[in-house]
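Below you'll find the structure, written out as structure tokens, and then a few comments.
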Amino acid sequence: MPVSAPVFAYLGPAGTYTHEAARAFAARLGIDEPALLECASFDEVFDAVDRGKCEFGVVAKENSLEGSVTATLDNFAFKSQASILGEHVLDIHHCLVLHPDAKLEDVTCVASHAQGLAQCRRFLAERLPGRATVTTSSTAESARMAAEDVHVAGIANAFAAELHGAHVAVRDIEDHFGNQTSFALIGRQGHPPVFRGDRYKTSLALFLQVDRAGTLNMILSEFAYAGINLSMIQSRPTKQALGDYMFFIEFKEDANTLPVQTALNCLRLKLREVKVLGSYPVD
């Protein structure tokens with residue numbers, strides 16, 4: 001009896017950068033035509049994984065311009081038991097997309113996600129001054145709108161333009177080159193590793209027993225004693241009380257090594273919870 005292909009949940013609609021990342025993860029797993037589950041939010045992606053509606057989920061973790069994706073962090077910290085199985089960094093290249101029969105002079109409004117509009121301000125001011133802007137739920141939705149209306153230009157990736165039948169009029173219109181987003185492949189807690197590599201990254205969520213002076217220094221000291229160089233540390237409110245915070249931490253080490261295990265065990269004695277979100281190979 002043939003084994004069915006694993007299902008990947010992603011933030012829709014079709015053509016989003018998350019959709020593109022899901023296809024990239026599937027390709028790394030040797031799957032040419034992945035089964036996909038379109039979701040309306042990252043909350044829904046996490047829920048689909050936790051409830052077993054799919055084997056994998058794909059969520060945005062961090063953008064080089066906008067920073068961490070708070071909806072993803074909050075799910076990892078407070079709502080979900082999903083684990084990170086892999087990471088894929090996608091170069092974000094925005095395109096101006098039009099109806100196949102449209103020209104720039106036909107455009108009366110520009111539609112895109114708020115971040116897409118914000119990241120292309122200079123191009124819009126120089127090439128499409130005075131046009132109205134419309135905020136959409138996703139960049140992919142703006143490609144669909146452009147494909148249906150000669151007077152609407154969308155800001156989306158070339159992948160979305162191709163899927164929805166729009167024409168790429170101008171490529172790489174973003175103000176800042178080098179824009180990248182890190183996506184996480186997630187699975188249910190206890191899912192076996194799916195990737196192998198020589199270099200690993202570990203992601204943690206740390207919850208304090210009591211908020212008191214020196215707590216952050218104590219946390220940092222445990223990693224310093226173990227010779228672990230942190231690549232990210234970020235505080236987030238616990239949603240319990242004003243001024244009550246927890247910490248997200250990342251470092252480029254395998255969680256199964258002795259120095260990391262020693263540091264984590266020491267922290268478990270001093271903190272309310274040390275939640276390992278995942279330890280996974282990176283390029």
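The values are calculated or read from the model by the stated rules, or taken from the named source; none is laboratory data. Computed from a predicted model, the values in this text were never measured in an experiment. Quick reminder, even Gly has a Cβ in these numbers, built from the backbone with ideal geometry, and neighbours come from all protein chains shown. Keep in mind that these areas ignore ligands, DNA and RNA; they rest on the heavy atoms of the full protein, side chains included. Shrake-Rupley method; radii C 1.70, N 1.55, O 1.52, S 1.80 Å.
Can you find, within the stretch 239-263, the residue that is farthest from Leu208 (Cα to Cα) among those that are touching a residue at least 60 places away in the same chain (Cβ under 8 Å) and touching a strand residue (DSSP E or B) at 6+ places or on another chain (Cβ under 7 Å)?
By that ranking, first place goes to Phe248.
Tally the residues that are open to solvent by less than 10 Å² (accessible area, probe 1.4 Å) and either at pLDDT below 95 or aromatic (Phe, Trp, Tyr) (or both), restricting the search to the stretch 181-193.
The total comes to 1.
Results for (1) open to solvent by 30 Å² or more (accessible area, probe 1.4 Å); (2) in contact with a Gly (Cβ under 8 Å, 6 or more places away or on another chain), shown as yes or no for each residue.
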| site | (1), (2) |
| --- | --- |
| Ala153 | no, no |
| Asn179 | no, no |
| Phe195 | no, yes |
| Ala205 | no, no |
| Leu216 | yes, no |
| Asn229 | yes, no |
| Ser235 | yes, no |
| Met246 | no, no |
| Glu253 | yes, no |
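Identify all residues within the stretch 37-57 that are open to solvent by 10 Å² or more (accessible area, probe 1.4 Å) and among the small types (Gly, Ala, Ser); write none if there are none.
Those that are open to solvent by 10 Å² or more (accessible area, probe 1.4 Å) and among the small types (Gly, Ala, Ser): Ala40, Ser41, Gly52.
Restrict the check to the stretch 201-210 and report whether at least one residue is more than 30 Å from Phe25 (Cβ to Cβ) and either in a strand (DSSP E or B) or free of Cβ contacts under 8 Å to residues at least 60 places away in the same chain (or both).
If we filter the stretch 201-210 for residues that are more than 30 Å from Phe25 (Cβ to Cβ), which is where we start, we get 208-210.
Filter again for either in a strand (DSSP E or B) or free of Cβ contacts under 8 Å to residues at least 60 places away in the same chain (or both), leaving 210.
Within the stretch 201-210 (the criterion being more than 30 Å from Phe25 (Cβ to Cβ) and either in a strand (DSSP E or B) or free of Cβ contacts under 8 Å to residues at least 60 places away in the same chain (or both)), the answer is yes, since at least one residue qualifies.
Looking at the stretch 58-70 only, could you name the residues that are within 16 Å of Leu11 (Cα to Cα) and open to solvent by less than 40 Å² (accessible area, probe 1.4 Å)?
Val58, Val59, Ala60, Lys61, Asn63, Val69
Inspect all residues belonging to the stretch 162-176 and state whether any of them is open to solvent by less than 20 Å² (accessible area, probe 1.4 Å), under 30 Å from Arg121 (Cα atoms) and in contact with a Phe, Trp or Tyr (Cβ under 9 Å, 6 or more places away or on another chain).
Yes, that holds for at least one residue.
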